[in-house]
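The values are calculated or read from the model by the stated rules, or taken from the named source; none is laboratory data. What you are looking at is a predicted structure, and each value in this text was computed from that prediction instead of being measured. We place every Cβ from the backbone using ideal geometry, glycine too, and count neighbours over all the protein chains shown. Ligands, DNA and RNA are stripped out before the accessible areas are found, and what is left, the full protein with its side chains, is counted by its heavy atoms. Shrake-Rupley method; radii C 1.70, N 1.55, O 1.52, S 1.80 Å.
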Amino acid sequence: MKFTTAVDWLRTAERIVVFTGAGISTASGIATFRDDGGFWTRFPPEDFANWKGLLQTAVLQPKRMAEFLVAVLEPIATASPNEAHRAIAQLEQFKPVDVITQNIDRLHQDAGSGNVSEIHGNLFEIVSFPRQEESRELTKMDLLEIVQNVKATQSEVWAGPKLLKAISPLLGASLLGTHRPNLVLFGDQLAEPDWSNAQDSVQRCDLFISVGTSQSIYPAAELPSRAKAAGSKCIVIDPEVGGVGDLWFAAPAEQVLPKLVSSAFPELTEEQCDHE
């Protein structure tokens, strides 16, 4: 009954918002930050989740910083979209879909989603300060090269200077200013214009799908409630967190989403068969 209802909501929706968190990318090999044994257990947020802490760690504990960077960058640099990302992208063939993501991995874009609001920014866009209008893009190959250079510093006795050089394409300072990834860390405002676009999307949707997010990080966690207050139906897909929703599927997104989308739009499956 629950599955049939969700399929019917997909078929009849006029505008869909898909709100994603770290859980959607675990099947792509990117670990979550808040699970037991996750990143914030290994790397305390006060040292690694804000710019001041990161810079201090890089200078005072370069080997610890190198360990953190490898743990964060390598999985993202080698990740590919999984079935959940692809199902969301396929949904755009049939409905207007706005993706709002807390993730910094750009896997939605890699899967083919065209309208993505990255409210926590992303790891690939490098911005300069104070001239914020200047930016450049890193590729996954660039990230992999940084990872390899960072790994090479871990055996060095005086690792600090070599680490700073290794991460210079990603993070650094000069007489002209500083540059860093366009990320939202603790204490930062959510990314703009993405956050404003996300709020507008929530007000206009009639179906809101929350995927792999703990719904505990504010103000982003307010989005499901805002959608419901605006009259939207709400589906939650998460193995552990029910959150604010009319229907909750307690299973991994890569299992649930492809089945929902293919059941709602069987012509998608038929088209795939035609191409095989």
Qualifying positions in the stretch 186-202 - more than 16 Å from the chain's Cα centre (by Cα) and surrounded by fewer than 14 Cβ atoms within 10 Å (Cβ to Cβ): 187, 188, 189, 193, 196, 200
Filter the stretch 215-248 for residues that are of a type outside the set (S, T, N, Q), at pLDDT below 80 and either open to solvent by less than 30 Å² (accessible area, probe 1.4 Å) or part of a strand (DSSP E or B) (or both) and give the result. 242
Every residue from the stretch 10-26 that is modelled with pLDDT under 95 and assigned to a helix (DSSP H, G or I): 22, 23, 26
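Sort through 41, 57, 12, 78 and tell me the only one that's of a type in the set (Ser, Thr, Tyr) and in contact (Cβ under 8 Å) with a residue 60 or more places away in the chain. It would help to see each step written out before you state the result.
Working: 41 fails: in contact (Cβ under 8 Å) with a residue 60 or more places away in the chain; 57 fails: in contact (Cβ under 8 Å) with a residue 60 or more places away in the chain; 12 fails: in contact (Cβ under 8 Å) with a residue 60 or more places away in the chain.
Only one candidate qualifies: 78.
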Going by the structure shown, is residue 101 of a type in the set (S, T, N, Q) and either touching a residue at least 24 places away in the same chain (Cβ under 8 Å) or within 25 Å of residue 228 (Cα to Cα) (or both)? yes
Residue 155 versus (1) surrounded by fewer than 17 Cβ atoms within 10 Å (Cβ to Cβ); (2) modelled with pLDDT of 95 or more: which is the lone unmet condition? (2)
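Which one of 55, 73 is assigned to a helix (DSSP H, G or I), surrounded by 15 or more Cβ atoms within 10 Å (Cβ to Cβ), hydrophobic (A, V, I, L, M, F, W, C) and more than 19 Å from the chain's Cα centre (by Cα)? Let's see the steps before the verdict.
On the way: 73 fails: more than 19 Å from the chain's Cα centre (by Cα).
Exactly one of 55, 73 is assigned to a helix (DSSP H, G or I), surrounded by 15 or more Cβ atoms within 10 Å (Cβ to Cβ), hydrophobic (A, V, I, L, M, F, W, C) and more than 19 Å from the chain's Cα centre (by Cα), namely 55.
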